[in-house]
Amino acid sequence: MKRIILPVLFIFLFVEANAQLIQVSGKISDGKEPIHKASVQLVGLGIGAVTDSLGGFVLAKLEPGNYTLKVNAIGYKTLTMPIQLQKDTLFLPIVLATIDEKLNEVVVTGTQKEIKRLESPVPVEIYTAQFFKKNPTPSIFDALQNVNGVRPQLNCNICNTGDIHINGLEGPYTMVLIDGMPIVSSLSTVYGLSGIPNALVERIEVVKGPASSLYGSEAVGGLINIITKKVQNAALFSADAMATGYGEYNTDLGFKVNVSPKVAVLTGINYFNFQNKADHNHDGFTDVTLQNRISLFQKWNIDRQDNRLFSLAGRFLYEDRWGGEMNWNKSYRGGNEVYGESIYTKRFELIGNYQLPIKEKFFLAFSLTHHDQNSRYGDVPYLAQQNIAFSQLTWDKKIGLHDLLFGSALRYTYYDDNTPATASADLANQRNQPERTFLPGIFVQDEMKLSKAHSLLAGLRYDYNSIHGHILTPRLAYKWSVNEQNIIRLNAGTGFRVVNLFTEDHAALTGAREVVVHDQLKPERTYNVNLNYLAKVYLDNGSFFGFDLSAFYTYFNNRIVGDFETNPNQIIYNNLNGHAVSKGLTGNIDMALANGLKANIGLTYQDVSLTENGIRKQQLLTEKFSGTWAVSYKINKIHLAIDYTGNVYGPMRLPLLGGLDPRRPFSPTWSIQNIQFTYSGFKRIEIYGGVKNLLNFTPNKGTPFIIARANDPFDKNVQFGANGQVVPTPDNPYALTFDPNYVYAPNQGIRGFLGVRLTIN
């Protein structure tokens with residue numbers, strides 16, 4: 001809820017001159033509705049009252065003088081203010097702010113409609129831009145490390161590309177949206193996430209669990225909807241510049257221009273630069289990928305009659321990143337003398353949302369994206385282009401107790417690369433055929449208010465994939481408001497996913513392994529259920545505790561997995577001859593104490609397993625438990641805020657290269673912790689700084705090496721037997737091939753950072 005603290009205005013009523021006693025009256029509200037049973041007191045006098053059903057109160061028989069008025073109500077921040085009484089006084093409505101502001105925020109991701117978070121039948125987690133400022137990072141990919149149950153996973157020690165896991169499900173099962181548009185997928189799942197600057201973000205909404213009926217069959221594991229700033233809410237000018245002791249430099253600029261009385265434009269520029277070649281683990285390779293990245297963003301808002309919506313946004317991203325041997329330079333790009341992984345990325349995006357000029361609520365949303373990839377993994381080229389056009393028409397209609405949403409969508413994907421992913425049958429001429437996929441679909445959603453406490457949401461989506469045929473994904477959600485402090489939600493649905501190995505699995509591109517696909521891969525099918533419980537506890541002293549607990553379960557048929565272990569020189573892909581299950585428990589605790597201390601603590605336990613031929617295994621690179629925290633306290637007298645953030649992850653099964661590989665099969669329990677101090681004593685400027693990775697944890701600790709055969713990245717001295725297995729030799733006693741995929745944590749140690757923010761409203 002937007003904080004509103006109106007100045008108190010005294011309206012003095014004339015009374016007789018000889019009156020000795022006076023009275024005070026007024027109303028208490030939350031800005032919209034009156035607050036019943038709020039406590040109003042004059043501090044130190046023991047005089048008080050409780051508001052009636054209209055929020056009104058009266059304090060009578062008071063002597064003139066100076067007093068302190070204190071107002072508190074369950075669920076709201078206590079308001080204390082000095083008052084001077086000379087005559088009978090009537091206050092304009094006093095507005096209280098809620099303790100947990102997120103509870104009354106409007107969300108859109110769960111139902112594709114604007115709805116209060118408490119009223120949504122689908123549990124939606126909200127993370128504001130202010131939350132991410134507690135641990136400033138140069139991209140959304142890095143920022144998500146502090147969201148419970150969400151983990152940015154690095155997939156390569158050399159180029160540091162990665163994806164985002166939700167509740168143990170890998171990146172391709174997570175749909176990432178920008179303003180509700182599914183534009184972050186396929187190529188950009190691997191290469192585009194790091195190019196979304198934090199400065200553009202108003203909030204991020206996270207849905208954990210099935211959402212396929214609304215957003216398409218790929219939304220199996222969950223959704224991350226990055227909602228950019230509204231033009232009308234943005235500052236006239238903002239700047240945020242940060243540097244770290246590791247040599248990272250990040251700058252965000254934003255400015256708003258009113259082109260005309262009805263047209264406003266928001267422009268954002270992000271530039272990130274890291275050129276510090278470091279090799280602290282002494283393996284001859286860069287510890288962290290060097291990057292040079294610029295992202296330009298512009299959003300247009302056009303005021304229309306009857307407040308109808310019309311917005312356009314566009315983004316351009318260019319990134320040049322490389323990692324490899326310390327003596328690599330661009331003259332070695334694509335050669336087999338010095339190993340390097342060099343990636344050039346160019347990406348364009350256009351997003352729009354237009355409300356039709358008719359009485360009914362029809363919205364036309366669309367997006368266009370172009371992604372061009374020019375990469376070299378050693379001497380292996382990966383050249384790819386992807387174009388995606390998406391449009392969706394929705395009709396929002398209320399009929400009696402039914403809140404309906406009808407929609408039709410069309411998605412066209414063009415994908416072409418130089419790998420076997422697009423190879424034609426004409427292998428003799430090495431001619432590739434671009435993949436063109438049409439995906440039209442229709443969906444309907446009905447939210448029924450069964451009673452004041454019970455609501456039901458039912459959805460059904462039908463898609464037709466031009467390659468794989470018909471796809472039907474039903475969905476059901478039930479919400480029970482036990483009372484104002486306790487809510488139970490149950491969600492269930494199905495999912496369908498088509499796999500593109502070469503855009504989803506970076507290990508297939510490193511050049512270190514041969515990719516083998518045994519059979520024609522079948523699409524994956526999933527069945528999901530999620531149970532959520534939300535509780536709010538308000539203490540008499542003004543403290544607040546919020547508990548958000550969930551249990552999740554996903555069952556997979558035809559799960560497609562990469563076998564890294566049968567042959568250390570191959571990745572063998574096939575549909576699982578069995579099933580896979582992802583299940584677990586996750587919980588968040590929000591605290592806002594009366595003394596000003598705030599904390600958000602999250603814990604997740606998950607069991608993600610693959611069962612094939614009766615043998616059950618833990619999924620690679622998937623932790624059993626994880627936790628996140630953000631603890632904040634502000635010392636108002638000196639304008640200093642302190643933020644302590646961190647995460648902890650349990651052991652993960654790691655990809656080894658055979659029985660002789662000396663590296664440990666499981667990672668240790670590890671944690672990244674950070675502290676930040678922010679000074680806000682200036683009018684428009686904030687200065688912040690602190691330390692990242694306080695424990696100085698890096699994944700090389702406790703293992704003999706991270707990159708296998710770093711001394712022979714082109715496998716020139718590796719010997720293979722007749723069966724394709726590596727033969728141990730004096731030069732290669734562990735029978736290894738070059739492989740950079742043994743990675744589970746960032747490879748940056750402790751470092752300081754310092755930044756400044758300027759805001760002109």
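Quick note: the coordinates plus some simple rules give every number you see, no bench work behind them. No experiment lies behind these values; they were computed from the predicted model shown. Glycine gets a Cβ as well: all are built from the backbone with ideal geometry, and neighbour counts include every protein chain shown.
Protection proxy ranking for 149-157, 673-681, 343-351, 121-129, using the average of other Cβ atoms within 10 Å per residue and placing the highest first: 149-157, 121-129, 343-351, 673-681. Once the Cα-Cα distance is subtracted from the 0.36 nm per residue extended length, the ASP731 to GLN570 segment shows a gain of 55.8 nm. Taking the centroid of alpha carbons for each part, region 30-74 and region 660-714 are 52 Å apart.
Per-residue packing, averaged as other Cβ atoms within 10 Å, sorts the ranges 171-179, 626-634 into the order 171-179, 626-634, beginning with the highest. Spin-label model, GLU360 to LEU539: label points 7 Å out along the Cα-to-beta-carbon direction sit 5.3 nm apart. Given a Förster distance of 56 Å, report the FRET efficiency between TYR318 and GLN84 from their Cβ-Cβ distance, rounded to the nearest 0.05. After rounding, the FRET efficiency stands at 0.35. Rounded to the nearest 5, what % of the DSSP beta bridges within region 10-95 are antiparallel ones? If I count the DSSP bridges inside region 10-95, around 85 percent turn out antiparallel. Labels on offer are (1) 51, 30, 25; (2) 44, 32, 24; (3) 65, 29, 27, and the one holding semi-axes √(5λ) of the Cα gyration tensor in Å computed from this structure is (1). Each label was represented as a point 7 Å from its Cα along the Cα-to-Cβ direction; for PHE438 and THR611 these points are 4.1 nm apart. The calculated FRET efficiency for LYS637 paired with LEU460, based on their beta-carbon distance and R0 = 45 Å, is about 0.20.
Centre-to-centre separation between the Cα atoms of region 530-554 and those of region 105-180: 20 Å. Protection proxy ranking of 538-544, 315-321, by the mean of other Cβ atoms within 10 Å over each peptide's residues and highest first, is 315-321, 538-544. Shown is the FRET efficiency for ILE589 and LEU92, computed with R0 = 30 Å from the Cβ-Cβ distance and rounded to the nearest 0.05: 0.20.
Applying 0.36 nm per residue to the separation of ALA722 and ASN761 and subtracting their alpha-carbon distance, the gain on full extension is 6.9 nm. For region 273-400, the relative contact order comes to 19 percent (Cα pairs under 8 Å, sequence separation of at least 6). Placing dummy labels 7 Å off each Cα toward the beta-carbon, the span from SER408 to GLU114 is 2.7 nm.
Taken about its Cα centre, the chain carries a charge dipole of about 1960 debye when Lys and Arg each add +1 at the Cβ and Asp and Glu each add -1 at the Cβ. Take the Cα of THR68, go 7 Å toward its beta carbon, and the backbone nitrogen atoms of region 617-636 under 20 Å from that spot belong to 634-636. Computed extension gain for ASN483 through ASN233, at 0.36 nm per residue and net of the alpha carbon distance, reaches 86.6 nm.
Applying the Karplus relation 6.51 cos²θ - 1.76 cosθ + 1.60 with θ = phi - 60° to region 467-472 yields 3J(HN,Hα) values of 9, 10, x, 7, 9, 10 Hz, where x marks Gly and Pro.
Only helical runs count toward this figure. For the chain, summing -39,500 (n - 2.57) over DSSP H runs of n ≥ 4 and dividing by all residues gives -500 deg cm²/dmol at 222 nm. What residue among LEU401, MET591, ASN574 has its Cα farthest toward the positive end of the dipole of the chain, where the charges are +1 on Lys, Arg and -1 on Asp, Glu, each on the Cβ? Value: LEU401. Separation of the alpha carbons by more than 21 angstrom is noted, of LYS583/LYS617; LYS116/LYS359; LYS277/LYS330; LYS277/LYS346; LYS230/LYS359; LYS116/LYS361, for LYS116/LYS359; LYS277/LYS346; LYS230/LYS359.
Structural descriptor for the chain: relative contact order 10 percent, calculated from alpha carbon pairs under 8 angstrom and at least 6 residues apart.
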